[in-house]
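No lab work stands behind these numbers, since they all come straight from the coordinates. Note that the structure is a prediction, hence the values are computed from the model and not measured. Neighbour counts run over all protein chains shown; Cβ positions are idealised from the backbone, glycine included.
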Amino acid sequence: MQTGQIIMKLRSEAGYTQNQLADLLFVSRDLISKWETGRRMPEYQMILEMAKLFSVDPETLLPKSTILLTELAALLPETYPSDGEVLKRDLNLFLGMLGARDRRIFIRRYYFLEDYSEIGEEYGLPANHVRAILSRIRKKLKKYLKEAYV
């Protein structure tokens, strides 16, 4: 079941209309409709808010792995081969070019699906710093893949 379908199901089970849910989340009814039809994906903060509202685990609405894979998929150039083996090879080559700390941070986030705060604890860094490090790594990865496949 897709995230939008899950939101619709939980909203209906809770007895809310789209307007009522929109009011509770301080968003428009149109945005709720877009989430439910799959035309837009809610930001993770909204996922957390809805999870509280519906008394479910956030993973019920949107698995963390989906979010992380979406982050990485956005880095692939349009001309990138769809072969998973090519991606695995390119990721390994790219990770080999990173420093040890950055490589471990990337792996902990995208392989072990750890939160910024969990990673930060290991390195004595605030979550925002880990987020910034990963943002820089993703930019480097995007450039690396673009240069390889354009």
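I need the full set of residues from the stretch 108-128 which are surrounded by fewer than 15 Cβ atoms within 10 Å (Cβ to Cβ) and under 21 Å from the mean Cα position of the chain (by Cα), in order please. Write out each step before concluding.
Going residue by residue through the stretch 108-128, those that are surrounded by fewer than 15 Cβ atoms within 10 Å (Cβ to Cβ) are 111-113, 115, 117-118, 121-124, 126-128.
If the condition is that a residue be surrounded by fewer than 15 Cβ atoms within 10 Å (Cβ to Cβ) and under 21 Å from the mean Cα position of the chain (by Cα), then Tyr111, Phe112, Leu113, Asp115, Ser117, Glu118, Glu121, Pro126, Ala127, Asn128 are the ones that fit.
Quickly run through the stretch 73-88 and pick out the residues that are within 10 Å of Lys146 (Cβ to Cβ) and within 19 Å of the chain's Cα centre (by Cα).
Leu75, Leu76, Pro77, listed by residue number.
Taking into account only those residues within the stretch 1-20 that are more than 23 Å from the chain's Cα centre (by Cα) and under 16 Å from Ala51 (Cβ atoms), which is surrounded by the fewest Cβ atoms within 10 Å (Cβ to Cβ)? Don't jump to the end; show me each part of the working.
In the first step, residues of the stretch 1-20 are kept if they are more than 23 Å from the chain's Cα centre (by Cα); the result is 12-20.
If we keep only those that are under 16 Å from Ala51 (Cβ atoms) too, we end up with 13-14, 16.
On the way: Glu13: 9, Ala14: 14, Tyr16: 17.
In this case the residue turns out to be Glu13.
Specify which of the listed residues (Glu122, Glu147) is within 18 Å of Val86 (Cα to Cα), without any contact (Cβ under 8 Å) to a residue 60 or more places away in the chain and acidic (Asp, Glu).
Numbers: Glu122 fails: within 18 Å of Val86 (Cα to Cα).
From the options Glu122, Glu147, the qualifying one is Glu147.
If you take just the helices (runs of 4 or more DSSP H) that sit entirely in the stretch 1-102, which of them hold at least 1 residues that are without any contact (Cβ under 8 Å) to a residue 40 or more places away in the chain and of a type in the set (A, V, I, L, M)?
Numbers: elements: 3-14, 18-25, 29-37, 44-54, 58-61, 64-73, 84-97.
Output list reads 3-14, 18-25, 29-37, 44-54, 64-73, 84-97.
Looking at Ile119, is it within 17 Å of Leu69 (Cα to Cα) and β-branched (Val, Ile, Thr)?
On the way: within 17 Å of Leu69 (Cα to Cα): no; β-branched (Val, Ile, Thr): yes.
For Ile119, the condition - within 17 Å of Leu69 (Cα to Cα) and β-branched (Val, Ile, Thr) - is not met.
For residues that are touching a residue at least 24 places away in the same chain (Cβ under 8 Å) and assigned to a helix (DSSP H, G or I), scanning just the stretch 106-119, find the one that is nearest to Leu72 (Cα to Cα). If you could, list the steps in order and put the result at the bottom.
If we filter the stretch 106-119 for residues that are touching a residue at least 24 places away in the same chain (Cβ under 8 Å), which is where we start, we get 106, 109-110, 113.
Now drop any that are not assigned to a helix (DSSP H, G or I), which leaves 106, 109-110.
Values: Phe106: 11, Arg109: 11, Tyr110: 8 Å.
Top of the filtered list is Tyr110.
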